[in-house]
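Since the structure comes first, as structure tokens, the remarks are kept for the end.
The values are calculated or read from the model by the stated rules, or taken from the named source; none is laboratory data. Source: prediction; values computed, not measured. Cβ placement follows ideal geometry from the backbone for every residue including glycine, while neighbour counts extend to all protein chains displayed.
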Amino acid sequence: MNHELTIAWLYPDLMSTYGDRGNIMVLQKRCQWRGIATRVTPVTLETEAKELSHCDLIFMGGAQDRQQKIASDDFIRRKGPVIGEMVESGIPALFVCAAYQFVGHYYKPYQGDAIPGAGIFDLYTEHPGDQAKRLIGNVVAQLESDQFLSTSSYDQTIVGFENHGGRTYLGSKMKPLAKVLHGFGNNGEDGYEGALYKNSIGSYFHGPLLSKNPHIADWLIATALEMKYKNDLALAALDDRLEWQAHAFLLHR
Ligand code: GLN
């Protein structure tokens, strides 16, 4: 049987900072190496929300506050409700930084009104003011769930790079993705990074996240295939020595 996945890439022109686009490349490459065909559907302000409904995996990256404001109206009124239903049904998704803030209830920037979010994830984000330091740097975190495990001895951690002013606080319906070992994470206070809801991940990791964390990439692919073809398809193993070397380098730095 030939397998195919369609990946929705939200706002590639507005929301793709610090190499977030690399996540799309990683997903496509890892599928291609296994003979799984992929199609990427770029979803812009002009795209009809119904285009999303044939997608099997969702990705949305980070943005500056200005771009976040531009996308806000379209996201909460048109794309957000469709994505919310997809997330609820178990379609896997990865939301990075500004996108992670966007799927929550709201993001309050350091000046101006709060930017409403789609309320898909039970969380909110606030910037504490223009004197507050941005949370920038490399992060290492220990995964809270064992559902991402692969065959590497490093598969219990995630490594990445964060750069955000907003502090994110999870509501009672959310589980944190990981416990911070080095860096700031969601808010620099409670020691957690990211969130996990159904089959969707929110994270502050740019860099891109998936190139240094192949276990997360494969979990997204495997989950998308499972949802689409309704059975548990074992993914062929890949030679990930370089990826894990990059992961280990950051882990030990
Ligand atoms: N505007 C957000 C913040 O600074 C998101 C930044 C980003 O996506 N890198 O908190």
(message) Exactly one of these conditions fails for residue 41: (1) within 12 Å of the ligand (Cβ to nearest atom); (2) outside any helix (DSSP H, G or I); (3) at negative phi. Give me its number.
(response) (1)
(request) State whether the residues of segment 164-184 include one that is under 20 Å from residue 16 (Cα atoms), in contact with a strand residue (DSSP E or B) (Cβ under 6 Å, 6 or more places away or on another chain) and more than 13 Å from the ligand (Cβ to nearest atom). (result) no
(request) Being within 15 Å of the ligand (Cβ to nearest atom) and not in a strand (DSSP E or B) is the filter here, so list the residues in segment 77-104 that pass it. (result) 97, 98, 99, 100, 101, 102, 103, 104
(request) Considering every residue within segment 149-159, establish whether at least one is crowded, with 22+ Cβ neighbours inside 10 Å and over 18 Å from residue 189 (Cα atoms). (result) yes
(request) Kindly check whether there is at least one residue in segment 202-215 that is modelled with pLDDT of 95 or more, surrounded by fewer than 24 Cβ atoms within 10 Å (Cβ to Cβ), within 16 Å of the ligand (Cβ to nearest atom) and small (Gly, Ala, Ser). (result) no
(request) For segment 45-67, name all the residues that are away from the ligand (no atom under 16 Å from the Cβ) and buried (at least 18 other Cβ atoms within 10 Å of the Cβ). (result) 52, 55, 56, 57, 58
(request) Scan (1) farther than 23 Å from residue 21 by Cα; (2) within 18 Å of the chain's Cα centre (by Cα); (3) near the ligand (Cβ under 10 Å from one of its atoms) for the single condition residue 119 breaks and write down its number. (result) (3)
(request) May I ask you to list the residues in segment 68-78 that are closer than 23 Å to residue 90 by Cα and surrounded by 20 or more Cβ atoms within 10 Å (Cβ to Cβ)? (result) 75
(message) Here's a check for you: in segment 13-24, which residue that is more than 14 Å from the ligand (Cβ to nearest atom) and free of Cβ contacts under 8 Å to residues at least 60 places away in the same chain is farthest from residue 56 (Cα to Cα)?
(response) 13
(message) When the residues of segment 173-195 are narrowed to those that are part of a strand (DSSP E or B) and charged (D, E, K, R), which ends up farthest from residue 206 (Cα to Cα)?
(response) 175
(message) residue 129 - would you say it is crowded, with 20+ Cβ neighbours inside 10 Å, out of contact with any helix residue (DSSP H, G or I) (no Cβ under 9 Å at 6 or more places or on another chain) and assigned to a loop (DSSP other than H, G, I, E, B)?
(response) no
(message) What pairs come out if I take residues in segment 199-219 that are touching a residue at least 12 places away in the same chain (Cβ under 8 Å) and pair them with residues that are surrounded by fewer than 24 Cβ atoms within 10 Å (Cβ to Cβ) and acidic (Asp, Glu) whose C-beta lies under 7 Å away, six or more apart or interchain?
(response) 211/243; 212/243; 214/240; 214/243; 215/155
(request) Tell me, yes or no, whether segment 9-18 has at least one residue that is modelled with pLDDT of 95 or more and more than 21 Å from residue 71 (Cα to Cα). (result) no
